[in-house]
Amino acid sequence: MNSAYRCWAEIDLGALRDNLAWLRRRAGPQVRILTVVKADAYGHGLKQIAALLMQSGTDLFGVANLTEARAIRQVGKGWPILMLGACLPEEIETAVRDAVMPTISSMDEARLFASAAKRLHKPVDLHVKVDTGMGRLGATIRDAAALIRQIEQMEGLKLAGVYTHFALAEDDPGFTRLQRTRFGQVIRDLRRTGIHAPLFHSNNSAGVLCEPRSNLGLVRPGLLVYGILPKGRRRLPSEVAPWLRPALSWRCRVSLVKEISRGTPLSYGRTFIAPRKMKVATLTAGYGDGYLRAGSNRAEVLIGGRRCRVLGRITMDQMLADVSAVPHAKPGDEVVLIGRQGDGQISAQDVADWCDTVAWEVLTNISSRVPRVYRGAQAA
Ligand SMILES: *Cc1c(COP(=O)(O)O)cnc(C)c1O
């Protein structure tokens, strides 16, 4: 037990390495892997995760901003990085200097990058995005081929890739097929006019699982790298589950155990009133650590290997759990918010279900107050 901590996340680097190896086998040797490490590597800690993924053979990184790109550069120079968001006008020079590949959706962006390339005497490798149904970034399918042809002619710009993004690959095969068909049309238009982008890509984690035909030249998994399956209405291939292991577990401690009598109210707002005599544990984690308050009165934690329900509102630094069924619960005991304990297990998806959100938000919400403790497969 980590007796020095009140609330902490343990990251199993061996699990990350194995997950990436599985992705490599699944995608096949021809397909490059861009691991998505935005938002502090989905809450796992960007620098440590980037270092581990470099050792384990990721081909590229995907980030959401230039600060994340800088952090990766500090770990390993020269690794290709794709910025998945659009650059703000004032970020363009930095992106060019730092050799971060931008995502381009419009001629205006292309022009700004071309002039920065000229000013800085530095060619820009870029990816053009095509909007096939996500509606967030990307040129329309009508304009995409023309935009790409123009970019090909522009001095200082080099087309490194063309990509799109699925809006609901885990939920809807029909709409995903439509997106795939639209992207395929753009690819054919380009080939017909003699343009061969080095890389076409479309698959996020759900795509890798449900749409192997869309793996193309590169895949962009995020959630799967961290060992978590995207949950939706589509059935996931059953052979996947045994191969992926969640890398992160999240733990805190019991700080107090007490008996309460029937009728006792618990926590802010008195949203829980004890229906009978109960034993209640106070825990050293709250929404200040990133545990979503929406889990109040619904979420469960593991204490003594058993699932215990959260009682009353989750507060900033503490929350309460029902330990009536855990006879030996005592101050100092380890509590699992996400992870395994004895025969019990709670996944990030479980927490997401209790908190009416998605596993991505549960992970990225774990706050900076929570130390990340790394185990296994340490850097050589
Ligand atoms: C975040 C992101 C991904 C990764 O998504 P997962 O569902 O976590 O695999 C892939 N591509 C783009 C463009 C993204 O923004």
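The values are calculated or read from the model by the stated rules, or taken from the named source; none is laboratory data. Here the structure is a predicted model, which is why all the values come from computation and not from measurement. Backbone-built Cβ (ideal geometry, glycine too); neighbour counts: all protein chains shown. Accessible surface areas use protein heavy atoms only, side chains included; no ligands, DNA or RNA. Shrake-Rupley method; radii C 1.70, N 1.55, O 1.52, S 1.80 Å.
The relative contact order of the chain comes to 18 percent, based on Cα pairs under 8 Å that sit 6 or more residues apart. Beta-bridge orientation, the chain: approximately 55 percent antiparallel, per DSSP, counting only bridges with both partners inside. Structure shown: which of 258/330; 38/158; 47/129; 47/122; 129/231 lie over 19 Å apart, alpha-carbon to alpha-carbon? Among 258/330; 38/158; 47/129; 47/122; 129/231, the Cα-Cα distance tops 19 Å for 38/158; 47/129; 47/122; 129/231. The Cβ shell under 13 Å around residue 170 holds other residues with a net charge of +1, Lys and Arg each +1, Asp and Glu each -1.
Unpaired Cys in the chain, meaning no second Cys C-beta under 4.7 Å: 87, 210, 308, 355.
Loop only by DSSP, 16 or fewer other Cβ within 10 Å of the Cβ. Give me the GluC sites (Glu not before Pro) in the range 115-214 that pass, ordered by residue number.
For GluC sites (Glu not before Pro) across the range 115-214 that sit outside H, G, I, E and B with at most 16 neighbouring Cβ atoms in 10 Å, the list reads 155.
The residues of the range 128-247 expose on average 46 square angstrom of accessible surface per residue, using a 1.4 Å probe on protein heavy atoms. Element breakdown for the chain at a 1.4 angstrom probe: carbon and sulfur atoms account for 50% of the accessible area. Both numbers refer to the Cα atoms of the chain; Rg and Dmax are 23.6, 78 Å. Return one number: the angle in degrees, 0 to 90 and rounded to the nearest 10, between the long axis of the Cα atoms of helix 173-192 and the longest principal axis of the Cα atoms of the chain. Tilt relative to the chain: about 20 degrees.
What would the Debye formula give as log10 I(q)/I(0) at q = 0.11 Å⁻¹ for the alpha-carbon point model of the range 13-226, no solvent? Cα-only, vacuum Debye calculation for the range 13-226: -0.50.
List the trypsin sites (Lys or Arg not before Pro) within the range 115-174 that fall in a DSSP loop (any state other than H, G, I, E or B) and whose Cβ has at most 14 other Cβ atoms within 10 Å.
Filter output for the range 115-174: 136, 142.
The angle between the Cα long axis of helix 66-75 and the main principal axis of the chain comes to about 80°, on a 0 to 90 degree scale. Using alpha carbons only, how many degrees (0 to 90, rounded to 10) separate the axis of helix 13-27 from the longest principal axis of the chain? The two axes meet at around 40 degrees. Here the dipole of the chain is about 520 debye; that uses its Cα centre as origin and unit charges on the Cβ of Lys and Arg (positive) and Asp and Glu (negative). Charge tally for residue 334 (other residues, Cβ to Cβ under 12 Å; Lys, Arg +1; Asp, Glu -1): +3. Between the range 309-368 and the range 150-216, the alpha-carbon centres lie 39 Å apart.
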